[in-house]
Amino acid sequence: MDLHKPVTILLVEDDPGHALLIEKNLRRAGITNTIIALDNGQRAVDYLFSKAGYENDPHPAPFLILLDLNLPVLDGYQVLKIIKHDPRTRQIPVVVLTTTDNPQEISRCYELGCNVYVTKPVEYDKLSDAIRMLGLFLTIVKVPEKE
């Protein structure tokens, strides 16, 4: 990401261990951007649309979203559909970051509008390496300016 512009990363991950591991390895890859971690899909939607407790919370933007699919309340598919069908949020890049590697699920995410789909390896070391590689990739990603 263009580190000269403030880009906030919204990490939507219900497993606190994975969330910590993701943030730690993004930092190791040189990502210094603000990372906001939320643990369910409904909180992510509420945060993005300033609802349910986030009304008076000024949101730094633009965003890049790292989205797990297996989330409580609203799952990642529902969150992705909401984000990509609303004109206020449809341009936000969404990286699906999940353990699901089913080809139908991957196709479904791209049909719903995800920008990148990354399968999280199950083994700790491989997951750490994959997140570091994702972090290196994110250092060159450009996101749209906030409208």
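Listed here are the residues, each with its yes/no results for (1) aromatic (F, W, Y); (2) at pLDDT 95 or above; (3) part of a loop (DSSP other than H, G, I, E, B).
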{"site": "M1", "(1), (2), (3)": "no, no, yes"}
{"site": "I9", "(1), (2), (3)": "no, no, no"}
{"site": "I22", "(1), (2), (3)": "no, no, no"}
{"site": "R27", "(1), (2), (3)": "no, no, no"}
{"site": "T32", "(1), (2), (3)": "no, no, yes"}
{"site": "E55", "(1), (2), (3)": "no, no, yes"}
{"site": "P60", "(1), (2), (3)": "no, no, yes"}
{"site": "Y77", "(1), (2), (3)": "yes, yes, no"}
{"site": "L97", "(1), (2), (3)": "no, no, no"}
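Considering the stretch 113-139, the residues that are closer than 26 Å to D86 by Cα and assigned to a loop (DSSP other than H, G, I, E, B) include one that is farthest from the chain's Cα centre (by Cα), namely G113. Surrounded by 13 or more Cβ atoms within 10 Å (Cβ to Cβ) and farther than 23 Å from H18 by Cβ: is that true of K51 in this structure? In short, no. Check the stretch 79-86 and report whether any residue there is more than 13 Å from the chain's Cα centre (by Cα), not hydrophobic (A, V, I, L, M, F, W, C) and not in a helix (DSSP H, G or I). Within the stretch 79-86 (the criterion being more than 13 Å from the chain's Cα centre (by Cα), not hydrophobic (A, V, I, L, M, F, W, C) and not in a helix (DSSP H, G or I)), the answer is yes, since at least one residue qualifies. Which of the residues spanning the stretch 66-79 are of a type in the set (A, V, I, L, M) and closer than 14 Å to N40 by Cβ? Selection gives L67, L69, L71, V73, L74, V79. The sole residue among A19, A29 that is surrounded by 17 or more Cβ atoms within 10 Å (Cβ to Cβ) and either touching a residue at least 12 places away in the same chain (Cβ under 8 Å) or more than 13 Å from the chain's Cα centre (by Cα) (or both) is A19.
The values are calculated or read from the model by the stated rules, or taken from the named source; none is laboratory data. No experiment lies behind these values; they were computed from the predicted model shown. Don't worry about glycine lacking a Cβ; one is built from the backbone with ideal geometry, like all the others, and counts go over all protein chains shown.
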